[in-house]
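Trainee: Right, I'll just put the structure down here and ask away after.
Computed from the coordinates by the stated procedures, all read-outs in this text should not be read as laboratory data. The structure presented is a predicted model; accordingly, all values stated were derived computationally and were not measured. Cβ coordinates were reconstructed from backbone atoms using ideal geometry, including for glycine residues, and neighbour counts include every protein chain displayed.
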Number of protein chains: 4
Amino acid sequence: MTMSYEECIKACLECMEACNGCYDACLKEEDVKMMAECIRINRECADICALAAKAMQSDSPVAKQICRLCAEICEACGKICEQHSHAEHCKKCAESCFKCAEVCRKMAS
Amino acid sequence: MTMSYEECIKACLECMEACNGCYDACLKEEDVKMMAECIRINRECADICALAAKAMQSDSPVAKQICRLCAEICEACGKICEQHSHAEHCKKCAESCFKCAEVCRKMAS
Amino acid sequence: MTMSYEECIKACLECMEACNGCYDACLKEEDVKMMAECIRINRECADICALAAKAMQSDSPVAKQICRLCAEICEACGKICEQHSHAEHCKKCAESCFKCAEVCRKMAS
Amino acid sequence: MTMSYEECIKACLECMEACNGCYDACLKEEDVKMMAECIRINRECADICALAAKAMQSDSPVAKQICRLCAEICEACGKICEQHSHAEHCKKCAESCFKCAEVCRKMAS
């Protein structure tokens, strides 16, 4: 496993954890309706991060393409979470998403 | 692929579709908060159904064990959806869940 | 669910089944080494098809982007399976892959 | 997230990495046929570990049940990898599997 793979896997697993945590926290919010869009994209982002980690860990022939999509979805998730930055979990999640998007973009290029 | 595998894969894929559809419909409800528990279990149920289908399709050495868990989660999801049977999507989802639970239990035994 | 979603979900689920079946059959071949590349891409293709089906079934905000990647991976899988068209499972799998790639490309556009 | 969840998520993610790495290494072995059973169970084990991590990270209502199945599959994977302990990747993978099985059993009880 190259150095870059290791770094990108780490970013994906951290983003997966942040997104699943944010998903859970959104579902526990007083106003769940307001968080519906965030819940949706958190699920998608956590799942693509898991898929990207798996692809890199197994030296998949399509790892780069998966990282490219992962970067896109992380970017989208970060932008939605950012809008709810009054909630600590969304703020933290947005940071993990933007960081993972950046690392995945480099991996994909 | 044996006859039973085919039947069980079919039930899992139908339940996956019903659960993902119910997840989506719950997030579009007026009162999302009331559906929070349903949203959570729908995600879990859809994901374990996908995993069970994959395991049977690839003749996995642990297909039966996965079907046993799938039966449990389908049963749990059906019971939660049943409580919201005023919503058509929950009613339909509960039916798919109970049917899939039954087929998976037979497969696992 | 629009008509197109239904058609694309169907193609993804059929391709997932063909890929998981081909993965299994490749691992049972006399010469497994010759099928190593096919085994790898079958796993990836089955998993992205499952993800794409889930995304469309739940009306995901990133369903189109996932379908775009799914088309790419299906295309790649079809090309590798095509090279092993002496094996019935690879021939059948290549057909499902190319069909799914086409439908997903339309969905993504 | 409780202390135990954290520890169990860590064990699952380490086992997922070991299994995906072992899957890749097995497919690169000179004698792939001999590793076919190992390749199969590695895929299953990596996937259930990812599912268990997701369930705990999102405080899923079925996290314990998923951990119970994860323990079973990790145990099965460890036993198969153990038989190939001449290969460094299998030896390392067996260790991660047995450790994860133990932690998941505690979580499930």
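Trainee: Could you pull out the GluC sites (Glu not before Pro) across chain B that fall in loop regions by DSSP (anything but H, G, I, E, B) with no more than 10 other Cβ atoms inside 10 Å?
Mentor: Answer by residue number: B:Glu30.
Trainee: What translational D, rounded to a whole number of µm²/s, comes out for chain D from Stokes-Einstein when the hydrodynamic radius is the Kirkwood one over Cα pairs, at 10 °C and 1.306 mPa s?
Mentor: Estimated via Stokes-Einstein, D reaches 118 µm²/s.
Trainee: Point me to the residue of chain D whose C-beta lies closest to the D-onto-B rotation axis, rounding the distance to whole angstrom.
Mentor: So the closest residue, with its distance, comes out as D:Leu69, 2.
Trainee: Okay, next question. Under the Karplus relation 6.51 cos²θ - 1.76 cosθ + 1.60, θ = phi - 60°, what is the ordered set of whole-Hz ³J(HN,Hα) values for segment C:79-92, x standing for Gly and Pro?
Mentor: 5, 6, 5, 4, 5, 10, 6, 5, 8, 4, 5, 6, 4, 5
Trainee: Report, for B:Ser109, each distance to the same residue's label point in the other copies, shortest first and in nm; define the point 7 Å along Cα→Cβ.
Mentor: In ascending order, 3.0, 5.1, 5.9 nm.
Trainee: Separate question: Could you tell me how many degrees, from 0 to 90 and to the nearest 10, lie between the Cα long axis of helix C:36-57 and the main elongation axis, the longest principal axis, of the Cα atoms of chain C?
Mentor: Roughly 20 degrees, rounded to the nearest 10.
Trainee: OK, next. Please find the FRET efficiency linking C:Lys28 to A:His86, where r is the Cβ-Cβ separation and R0 is fixed at 60 Å, and quote it to the nearest 0.05.
Mentor: Efficiency, from the Cβ-Cβ distance: 0.60.
Trainee: Considering every residue in A:51-57, what mean count of other chain Cβ atoms within 10 Å of its Cβ is obtained?
Mentor: Per residue, the average neighbour count from other chains is 6.
Trainee: Quickly estimate the mean residue ellipticity at 222 nm for chain B, helices only: each DSSP H run with n ≥ 4 gives -39500 (n - 2.57), and the total goes over all residues, rounded to 500.
Mentor: It lands at -28000 deg cm²/dmol.
Trainee: What angle, in degrees between 0 and 90 and rounded to the nearest 10, separates the Cα long axis of helix A:3-27 from the longest principal axis of the Cα atoms of chain A?
Mentor: Between helix and principal axis, roughly 20 degrees.
Trainee: Where the only charges are on Cβ atoms (+1 Lys, Arg; -1 Asp, Glu), what is the dipole of chain B about its Cα centre, to the nearest 20 debye?
Mentor: Dipole magnitude for chain B comes out near 300 debye.
Trainee: Which aspartates and glutamates have a Cα less than 12 Å from the Cα of C:Lys91, not counting those fewer than 8 places away in the same chain?
Mentor: The reachable aspartates and glutamates, counting only those whose Cα sits under 12 Å from C:Lys91, are C:Glu82.
Trainee: Please go through the residue pairs B:Lys64/B:Lys106; B:Lys10/B:Lys92; A:Lys28/B:Lys33; A:Lys28/A:Lys99; B:Lys64/D:Lys99; B:Lys54/C:Lys79 and name each one whose alpha carbons sit more than 18 Å apart in this structure.
Mentor: Beyond 18 Å between Cα atoms: A:Lys28/A:Lys99; B:Lys64/D:Lys99; B:Lys54/C:Lys79.
Trainee: Ok, one more. If we hang a label 7 Å off Cα along the beta carbon direction at D:Lys28, how far is it from the matching labels on the other copies, in nm, shortest first?
Mentor: Here the equivalent label points are 3.0, 4.1, 4.7 nm apart from this one.
Trainee: State, to one decimal in nm and shortest first, how far the label point of A:Lys79 sits from each corresponding label point in the other identical copies (label point: 7 angstrom along Cα-to-Cβ).
Mentor: Output for A:Lys79: 3.1, 4.2, 5.1 nm, nearest copy listed first.
Trainee: How large is ³J(HN,Hα), in whole Hz, for each residue of segment D:28-34 in order, when computed from phi with the Karplus curve 6.51 cos²θ - 1.76 cosθ + 1.60 and θ = phi - 60°, using x for Gly and Pro?
Mentor: Here the 3J(HN,Hα) series is 9, 5, 5, 9, 5, 4, 5 Hz.
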